[in-house]
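One structure is given below, encoded as structure tokens.
Nothing in this text is a laboratory measurement; each read-out follows from the coordinates by a stated rule. Computed from a predicted structure; not experimentally measured. Neighbour counts are summed over all protein chains in view; Cβ atoms, including those assigned to glycine, are modelled from backbone coordinates with ideal geometry.
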Amino acid sequence: MEKLKKWLNQLESSSLAPLVQFIKFGIVGVSNTAISYGIEMLCYYVLFRNAEFPATAGFLQRLGIPAEGEQVKVVVVSVIALVISAMNAFYWNSRYVFETGEKRTAGWVIRTYVKTLASYALTGLVIAPALKVWLSGWMPYYLASLATLIVTIPVNFVINKFWAYASPGKKQKEAQA
């Protein structure tokens, strides 16, 4: 194990550091996907098995989104899974992927978590469904869903790296240079 850590440290201090960071992001993403799926299935089949969400249905309809019964439940469990999996992503990304060694304040934690949640919402609730709809016109849905990952994973990485986890001190130093 020590040899592996030493090897990874060498890679991180080389020109391959961005690739290593992307691989770490991918590892976090795999755990995130498993957690999201587990939460979604737990909520859908166990916790909210017979639940109805009339207030949510009304809210969606006011937004112009036609949703009834099971469709509303899908929206509710998807949002719950997103929020919880974004917490997991934030925890591991801030400690493992984008760790800078800088002291982090409570304000940084809150801002960065909200940005992490926003980036996952953008890719998971906007970009991915749009791509799946578009691609499923050309290929089976299961392939469209997998192909969507080719776009959403790098986009999410870039958003997190350069926006959610961007160091304000680094931006100020770059502006002064």
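Please give the charge dipole size of segment 39-136, origin at the Cα centre, charges +1 on K and R Cβ atoms and -1 on D and E Cβ atoms. Round to the nearest 20 debye.
Taking the Cα centre of segment 39-136 as origin, the dipole is about 320 debye.
Which entries in 73/161; 3/24; 3/115; 6/115; 3/161; 24/103 show an alpha-carbon gap greater than 26 Å?
73/161; 3/115; 6/115; 3/161
Report, in deg cm²/dmol and to the nearest 500, the calculated mean residue ellipticity at 222 nm for the chain, where each DSSP H run with n ≥ 4 adds -39500 (n - 2.57) and the sum is divided by the residue count.
Mean residue ellipticity at 222 nm (helix-derived): -22500 deg cm²/dmol.
On the principal axes of its Cα set, how long, how wide and how thick is the chain? Give whole Å, largest value first.
Reported extents, whole Å, longest axis first: 53, 38, 33.
So, R0 is 25 Å and r is the distance between the beta-carbons of residue 19 and residue 79; what FRET efficiency does that work out to, to 0.05?
Step by step, r from the Cβ atoms, then E = 0.15.
How long is the gain from residue 9 to residue 125 if the chain were fully straight, where each residue apart is worth 0.36 nm and the alpha carbon distance is subtracted?
Contour length minus Cα-Cα distance gives 38.2 nm.
Counting other C-beta atoms within 10 Å, which of 134, 92 has the fewest, and how do the rest follow?
The order, fewest Cβ neighbours first, is 134, 92.
With a cap of 16 neighbouring Cβ atoms within 10 Å, and only residues DSSP puts in a loop, list the GluC sites (Glu not before Pro) found in segment 70-177.
99, 102
Quick one: 100, 123, fewest Cβ neighbours within 10 Å first, how do they rank?
Fewest-to-most Cβ neighbours within 10 Å comes out as 100, 123.
List, in order, the whole-Hz ³J(HN,Hα) value for each residue of segment 24-33 obtained from phi through the Karplus relation with A = 6.51, B = -1.76, C = 1.60 and θ = phi - 60°; use x for Gly and Pro.
Computed from phi, the couplings for segment 24-33 are 4, 4, x, 5, 4, x, 5, 5, 4, 4 Hz.
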